[in-house]
Amino acid sequence: MKNFKAKIIENKQVAPQIYNLKFEAPKLAAEAKPGQFVEALCKGSGAPFLRRPFGVHMADTKSGVCEILFRIAGRGTELLSQMSAGDFLDITGPLGNDFEINKGKKHFIAGGGMGIAPLLFLAKAIWQTGEQAKIFLAAKTAADIARLDIFKNFGEVILSTEDGSLGEKCLIDTPLERALKTEQNAALYACGPRPMLRCVAELGAKYQTPTQVSLEEKMACGMGVCQGCPVEVKNKDTKYKMVCKDGPVFNAEDIVW
Ligand SMILES: Cc1cc2nc3c(=O)[nH]c(=O)nc-3n(C[C@H](O)[C@H](O)[C@H](O)COP(=O)(O)OP(=O)(O)OC[C@H]3O[C@@H](n4cnc5c(N)ncnc54)[C@H](O)[C@@H]3O)c2cc1C
């Protein structure tokens, strides 16, 4: 566990209520792996006592710059949105485990809502191996899909929205199942709201596709001390695992949905 202060380079609104925050963090950039997260201390009047977790959205070893992508959900993220270039952000990380890239597979990445945040870093890592990724992005409406142009650098992007304002008018399972039907050698990686992840897990089981999901349960300490983020698992030794320490990435078949 590493705690440090990172100088903010840019904190830019990229969609309604969604911000992309870039900061200098050479050690984090060198160590972080796709799927891992950081905990940021949100400062200001009435700031929450506990740090807030965010997936590593991007990390560049050459420049030493890391990014998080966040949506304003409450007081902490609201204060975070008010930070500017030159401010210092108190960060702990990298925390948690990471996605395992299944080499030799057709990689299907599925992100719903803010679940897209940690998947850009994964898409880049897969692209760097020279293998192909299909990136399924879904949201309620077009405005909720941020960073689309950047995702397009790392694979074919398939879009769906609930209101049909961008891509197909459907939930993510429709294009995902269509793709799974025609691809026998896929591996699935997903992050998003729990009902979506459950659905992706069911598709993974139906098409016998290895499926990893990144869970975003509410959590406090982020390092397994407070035991505040349990998830029920199918395991003969333990009934619960901690999302912060044992995850956030799990094999979908291990979770009791
Ligand atoms: C491992 C992990 C990675 C995450 N990565 C990202 C990310 O990359 N980008 C991003 O925007 N968000 C991410 N989140 C969610 C983010 O941490 C919360 O939105 C944030 O902590 C809310 O803090 P707040 O003080 O603004 O709001 P609070 O005042 O704490 O909460 C505001 C509202 O958000 C809800 N909420 C709080 N935490 C969560 C959560 N974990 N999941 C769903 N709803 C929540 C609360 O119930 C409440 O309704 C992640 C969460 C986890 C556990």
query: Scanning the range 212-234 for residues that are more than 11 Å from the ligand (Cβ to nearest atom) and charged (D, E, K, R), which turns out surrounded by the fewest Cβ atoms within 10 Å (Cβ to Cβ)?
result: LYS234
message: Residues to consider are ALA190, ALA201; find the one that is touching a residue at least 40 places away in the same chain (Cβ under 8 Å), within 16 Å of the ligand (Cβ to nearest atom) and surrounded by 18 or more Cβ atoms within 10 Å (Cβ to Cβ).
response: ALA190
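Tell me, please, whether a residue that is in contact (Cβ under 8 Å) with a residue 40 or more places away in the chain, within 25 Å of GLY247 (Cα to Cα) and in contact with a Cys (Cβ under 9 Å, 6 or more places away or on another chain) can be found in the range 3-19. Talk me through it step by step, then tell me what you get.
Going through the range 3-19, the residues in contact (Cβ under 8 Å) with a residue 40 or more places away in the chain turn out to be 3-11, 13-19.
This time we only want the ones that are within 25 Å of GLY247 (Cα to Cα), so: 3-6, 18-19.
Narrowing the set further to residues that are in contact with a Cys (Cβ under 9 Å, 6 or more places away or on another chain) leaves 6.
Scanning the range 3-19, I find at least one residue that is in contact (Cβ under 8 Å) with a residue 40 or more places away in the chain, within 25 Å of GLY247 (Cα to Cα) and in contact with a Cys (Cβ under 9 Å, 6 or more places away or on another chain), so the answer is yes.
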query: Hey, does the range 24-31 have a residue that's touching a Lys or Arg at 6+ places or on another chain (Cβ under 7 Å) and hydrophobic (A, V, I, L, M, F, W, C)?
result: no
- prompt: Restricting the range 55-81 to residues that are of a type in the set (Gly, Ala, Ser) and assigned to a helix (DSSP H, G or I), which is surrounded by the most Cβ atoms within 10 Å (Cβ to Cβ)?
  reply: GLY76
field: Residue satisfying condition, being more than 20 Å from ILE18 (Cβ to Cβ), basic (Lys, Arg), modelled with pLDDT of 95 or more and in contact with a strand residue (DSSP E or B) (Cβ under 6 Å, 6 or more places away or on another chain), within set LYS181, LYS169, LYS206, LYS134
entry: LYS134
- prompt: Could you say which residue among ALA29, ALA85 is part of a loop (DSSP other than H, G, I, E, B), of a type in the set (Gly, Ala, Ser) and modelled with pLDDT of 95 or more?
  reply: ALA85
statement: Going through the range 54-65 in order, the residues found to be out of contact with any Asp or Glu (no Cβ under 7 Å at 6 or more places or on another chain) and within 16 Å of the ligand (Cβ to nearest atom) are PHE54, GLY55, VAL56, ALA59
query: Is it fair to say PHE49 is assigned to a loop (DSSP other than H, G, I, E, B), closer than 19 Å to CYS244 by Cα and not aliphatic (A, V, I, L, M)?
result: yes
task: Could you please give the count of residues in the range 88-100 that are touching a Lys or Arg at 6+ places or on another chain (Cβ under 8 Å), assigned to a loop (DSSP other than H, G, I, E, B) and of a type in the set (D, E, K, R)?
output: 1
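Every residue in the range 116-132 that is in a helix (DSSP H, G or I) and buried (at least 24 other Cβ atoms within 10 Å of the Cβ), please.
We begin by selecting, within the range 116-132, every residue in a helix (DSSP H, G or I); these are 116, 119-128.
Across the range 116-132, the qualifying residues are ILE116, LEU119, LEU120, PHE121, LEU122, ALA123, ILE126.
Got a number for residues in the range 133-177 being part of a helix (DSSP H, G or I) and out of contact with any Gly (no Cβ under 9 Å at 6 or more places or on another chain)?
Quick first cut of the range 133-177, residues part of a helix (DSSP H, G or I) only: 142-144, 148-154, 173-177.
Now drop any that are not out of contact with any Gly (no Cβ under 9 Å at 6 or more places or on another chain), which leaves 143, 148-150, 152-154, 173-174, 176-177.
Number of matching residues: 11.
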- request: Could you please tell me which pairs satisfy a Cβ distance under 6 Å, a separation of 6+ or placement on different chains, a first residue in the range 66-79 that is within 6 Å of the ligand (Cβ to nearest atom), and a second residue that is charged (D, E, K, R)?
  value: GLY76/ARG52
- line: (1) of a type outside the set (Asp, Glu); (2) on the phi < 0 side of the Ramachandran plot; (3) within 16 Å of the ligand (Cβ to nearest atom) all hold for VAL157 apart from (3)
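The values are calculated or read from the model by the stated rules, or taken from the named source; none is laboratory data. Model, not experiment: these values are computed from the prediction. Every residue, glycine as well, gets a Cβ built from its backbone with ideal geometry; the counts of neighbours run over all protein chains shown.
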